[in-house]
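Report on the following structure.
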Amino acid sequence: MKTILSIFLGLLLTGVASAGSVMLNVKAASENKTADKKQAEVTRAYWLNVRVTNPSGAKLEGVTLRWTLFAANLRRGSDTIVVEKSGDMKISVDANGRYADVATPKVAFVFTPMHTERSGRRSVKTVEESGHRYHGFHVQVLNGDAVLADFWSNEALRKNQLK
């Protein structure tokens, strides 16, 4: 069962996009940063492994790789998607099918899932979920103001952010 789940999650976190003269292959990676398993607060780091392929005959010099990681705000009643972290990187890609592999910095997402805690001998209280949980990503390759490639991790996120 764990194998099927990990394959399914791997497919959800990977994507390929092609627009114009550049192809993007993006894979979200993560690792658990929670040191104490008994602690309710969860810290998970996410980053993007991006491969930019240039099938054209001209070398791409000084193009910008723009990335954004989104989080679901878990505060009760808010139900919003927020930008957790974003950044720009200057890259160059050789011509004729060559590629550049880029990894974004690791970004920590900290949240507390809903849980119960003992508050006395016979009483239990419910603790609401809070914090920011990973929700998805957006990656663009730009040459000046021209978008060479654009990839969203899911269509609902794209529609939500373009409103």
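List of remarks:
- Hey, Asn54 in contact with a Phe, Trp or Tyr (Cβ under 9 Å, 6 or more places away or on another chain), touching a residue at least 24 places away in the same chain (Cβ under 8 Å) and farther than 30 Å from Arg133 by Cα or not: yes
- Strands (runs of 3 or more DSSP E) wholly inside segment 45-163 containing at least 2 residues that are among the β-branched types (Val, Ile, Thr) and surrounded by 12 or more Cβ atoms within 10 Å (Cβ to Cβ): 60-73, 80-93, 107-112, 130-143
- Index of the failed condition, Leu48 passing every other in (1) over 22 Å from Asn154 (Cα atoms); (2) of a type in the set (A, V, I, L, M); (3) modelled with pLDDT of 95 or more: (1)
- Pairs meeting the criteria (first residue in segment 83-94 and within 18 Å of Val52 (Cα to Cα), second residue open to solvent by 80 Å² or more (accessible area, probe 1.4 Å) and part of a strand (DSSP E or B), beta carbons under 7 Å, at least 6 apart or on different chains) are Asp88/Arg66; Ser92/Glu61; Val93/Tyr99.
- Any hit, segment 13-26, residues being open to solvent by 80 Å² or more (accessible area, probe 1.4 Å), at pLDDT below 90 and touching a Gly at 6+ places or on another chain (Cβ under 9 Å): no
- All of Val102, Val127, Val139, Val147 fail the test of being in contact (Cβ under 8 Å) with a residue 24 or more places away in the chain, under 19 Å from Ala71 (Cβ atoms) and β-branched (Val, Ile, Thr), apart from Val139.
The values are calculated or read from the model by the stated rules, or taken from the named source; none is laboratory data. These numbers were taken from a predicted model, which means no experiment stands behind them. All Cβ positions, glycine included, derive from the backbone under ideal geometry; neighbour counts span all protein chains shown. Surface accessibility is based on the protein's heavy atoms, side chains included, excluding ligands, DNA and RNA. Shrake-Rupley method; radii C 1.70, N 1.55, O 1.52, S 1.80 Å.
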